[in-house]
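The values are calculated or read from the model by the stated rules, or taken from the named source; none is laboratory data. Worth saying up front: this structure is predicted, and the values here are computed from it rather than measured. Glycine also receives a Cβ, built like all others from the backbone with ideal geometry; neighbour counts cover every protein chain displayed.
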Amino acid sequence: MWFNLDVCGIMVKLQINKYHPTSDEEGNEWYSHWCEVDYSFTSKNWLNYHGEKDEVLLSGEVEMLEEALTKLLRDQLNEVKVFGCIEPDFKFVLHPKRDLRKEGVICAPGLEIADIYLEWKIYFWDDGLTPNHLTLVMDRDEIRAFRDYLSEIIRPKLK
């Protein structure tokens with residue numbers, strides 16, 4: 001199953017395969033099962049970055065990211081949370097709601113609160129990891145779609 005999303009003109013395609021639940025009943029460790037991840041980030045003729053069957057996410061990371069995004073969507077985070085993965089390809093920065101008045105910003109009535117957002121940082125490889133990266137900024141609806149995709153990977157619905 002593919003996750004497809006247009007994030008401000010950048011087409012995101014993601015498919016997580018070989019996910020295994022990290023239940024303690026089987027003695028599984030959260031870091032013992034790698035998923036195979038297919039992904040692409042494309043935009044017109046200036047961006048075409050992709051990977052196939054890359055082991056960039058652990059099953060436990062999929063579970064923890066889904067949980068963190070759920071907390072973000074429920075406004076249960078009070079500070080910025082950085083979610084780094086063991087493999088350095090992806091990093092996620094979760095930004096909770098902010099009261100702009102506390103930051104000294106003068107706002108029109110009704111615009112005092114900045115909503116949640118997610119920064120998805122994609123680090124580039126070129127014969128090894130480079131310091132270069134692309135940052136996708138996702139709003140609440142995009143975060144919900146991403147979280148729902150992860151939830152479906154973890155808890156597939158019967159068809």
The one condition in (1) farther than 15 Å from Tyr149 by Cβ; (2) assigned to a helix (DSSP H, G or I); (3) at pLDDT 95 or above that Arg101 fails to fulfil: (3)
Close pairs (9 angstrom Cβ cut-off, 6 or more residues apart or separate chains): exposed (fewer than 11 other Cβ atoms within 10 Å of the Cβ) in region 38-62, at pLDDT below 95 anywhere: none
Qualifying residues in region 70-84 (those that are touching a residue at least 40 places away in the same chain (Cβ under 8 Å) and among the aliphatic types (A, V, I, L, M)) - the one surrounded by the most Cβ atoms within 10 Å (Cβ to Cβ): Leu72
Some residue of region 146-159 being in a loop (DSSP other than H, G, I, E, B), under 16 Å from Tyr39 (Cβ atoms) and out of contact with any Pro (no Cβ under 8 Å at 6 or more places or on another chain): no
Pair list, Cβ < 9 Å and 6+ apart or interchain, from region 129-144 residues that are charged (D, E, K, R) to residues that are at pLDDT 95 or above and assigned to a loop (DSSP other than H, G, I, E, B): Asp139/Ile116; Arg140/Ile116
Number of positions in region 101-148 that are within 18 Å of Leu57 (Cα to Cα) and surrounded by fewer than 10 Cβ atoms within 10 Å (Cβ to Cβ): 1
Which listed residue, of Pro109, Pro21, is touching a residue at least 40 places away in the same chain (Cβ under 8 Å), over 21 Å from Leu129 (Cβ atoms) and either touching a Pro at 6+ places or on another chain (Cβ under 6 Å) or assigned to a loop (DSSP other than H, G, I, E, B) (or both): Pro21
